[in-house]
1. Restricting attention to the range 83-91, does a residue exist that is within 18 Å of Thr233 (Cα to Cα) and small (Gly, Ala, Ser)?
2. What number of residues within the range 1-24 satisfy the criterion of being out of contact with any Asp or Glu (no Cβ under 9 Å at 6 or more places or on another chain) and either without any contact (Cβ under 8 Å) to a residue 60 or more places away in the chain or within 22 Å of Arg92 (Cβ to Cβ) (or both)?
3. Tell me the helices (runs of 4 or more DSSP H) entirely within the range 125-219 that contain at least 3 residues that are at pLDDT 70 or above and under 30 Å from Trp29 (Cα atoms).
4. Do we have Ala334 as open to solvent by 40 Å² or more (accessible area, probe 1.4 Å) and at pLDDT below 90 here?
5. Please list, ordered by first then second residue, the pairs with beta carbon atoms under 7 Å, 6 or more apart or interchain, first in the range 73-92 and closer than 23 Å to Leu22 by Cα, second modelled with pLDDT of 95 or more and among the basic types (Lys, Arg).
6. Of all the strands (runs of 3 or more DSSP E) wholly in the range 349-395, which have at least 1 residues that are over 27 Å from Ile135 (Cβ atoms)?
7. Suppose we filter the range 305-331 for residues that are open to solvent by less than 40 Å² (accessible area, probe 1.4 Å) and either at pLDDT below 90 or within 23 Å of the chain's Cα centre (by Cα) (or both); how many remain?
8. State all residues of the range 41-72 that are farther than 18 Å from Gly318 by Cα, in contact (Cβ under 8 Å) with a residue 12 or more places away in the chain and in contact with a Lys or Arg (Cβ under 7 Å, 6 or more places away or on another chain); if no residue qualifies, say none.
Amino acid sequence: GKGLFAKKPIRKGETIFIERPLVSAQFLWNALYKYRACEYCLRSLETAEENARRLSGNPSLILPHPEQCRVRKELHQMCPQCQVMYCSSECRQAALDQYHRTLCLGLSQEDPEHPINKLQDAWRNMHFPPETSSIVLMARMVATVKQERVTGYEQNITETPSQAGLARADRARVAGIAASPAHGDGARNKGHWLNLFSQFCSRTANEEEEIAHKLLGEKFQGQLALLRNLFTTALYDDHLNRWFTPEGFLSLFALVGTNGQGIGTRYTLGYRPCPSVIPFKFSHGPSWSRYLISYTIAHRSDRCLLHSHSSLSQWVHGCDALELPRQQREQLDAFIDQLYKDIERETGDFLNCEGSGLFLLQSSCNHSCVPNAEASFPDNNFLLHLTALSDISPGEVRDRGGDGDREGGGGVCLPRLQEVCISYLDCCQRERSRHSRHKILRCGNDTPPRTP
């Protein structure tokens, strides 16, 4: 098995590492409903005011303190062939180098008969919101491997080396990944991407069918066959023929379903105390206690209105940090609280730019019902920050809450030294029985377990 271990003391609140995904994609229903995000890094392309107008249904809304909006539309760039949008020239070039040369539809971007558009449409008709994965991740995996043979493109997946010091079960492999250059010699590094993708958790045939069943429903076998046919028509490559066989496609499908990490999830990092609140404990985000307006809890349990992966919530954070006279502060707070209510009434649950990605280092973290680290996306893009929830000592012995690798009765699983663990369950799920938690971790449930 895999694991992530501390070699040096890690302090509570310390960023253990920042990781970019090997591949990522916005959810298809999310994109269809015009949640505009960078095609590469998923950064929101709407200004805070545009975001607020759309979500509240008020086209004349004016936000105060516009200087707190971080979106810079002057930097946005479009693919000249297919017109998909990027937040910067760097993202446009990175997508082009990695996979977009293969997947660019050019003038066929809006053609419903194009094989890739037919594949995406079929996926939307099988996998309805709330979305937990995307067929686009698999398409980008294929395109990335295809382009590697032509360009020799590689990616440095560790954006910022760990300041705390980490080791994985296979230290040499981690060192090799972290040292990968952004671009490399195609011949010398042939198979680089296939090697990276092969490092994700694999499943037995029965477990793979369980995952497909969960993502697609009762008729998953027929739907899986349809998806494979459309996937083959759109993307077939002789060098990857194994991925297009029934068994290989199921394995690829299960890899994405098992290892996909939610990006920009609905869990809030943006709520603020207000006059009518219920205190509610969270383990999502850099502050561990948040407050929810009472009707939000009553209607949606721990699902909340805003999170840090939107331009509007970043504007709210900026406004919260302003030093204002008391009267101005009260007026601004009242304006924001009313805006929250307007958005809840108009938009309901579908509020934010959301997607998923494959993160190699994060996927090495084992589950604990008492995690000592958590993943978040404070940069409003696909960069995953793994942050310590408590002090982690190199000699620490962790009780992983009975949800570890040991099979059988209800005893405490074998301890792991120095291990960095995160939770793949939300707060409510961690209160369930050990049997229920095992089932959720194995098969998933209505709330995707791999969203922070």
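The values are calculated or read from the model by the stated rules, or taken from the named source; none is laboratory data. Keep in mind the model is a prediction, meaning the values are calculated, not measured. Neighbour counts run over all protein chains shown; Cβ positions are idealised from the backbone, glycine included. Ligands, DNA and RNA are stripped out before the accessible areas are found, and what is left, the full protein with its side chains, is counted by its heavy atoms. Shrake-Rupley method; radii C 1.70, N 1.55, O 1.52, S 1.80 Å.
1. no
2. The total comes to 4.
3. It comes to 135-151, 192-197, 205-216.
4. no
5. Pairs found: Gln77/Arg92; Cys79/Arg92; Tyr86/Arg92.
6. Output list reads 373-376, 384-388.
7. 12
8. Residue satisfying the conditions is Leu61 alone.
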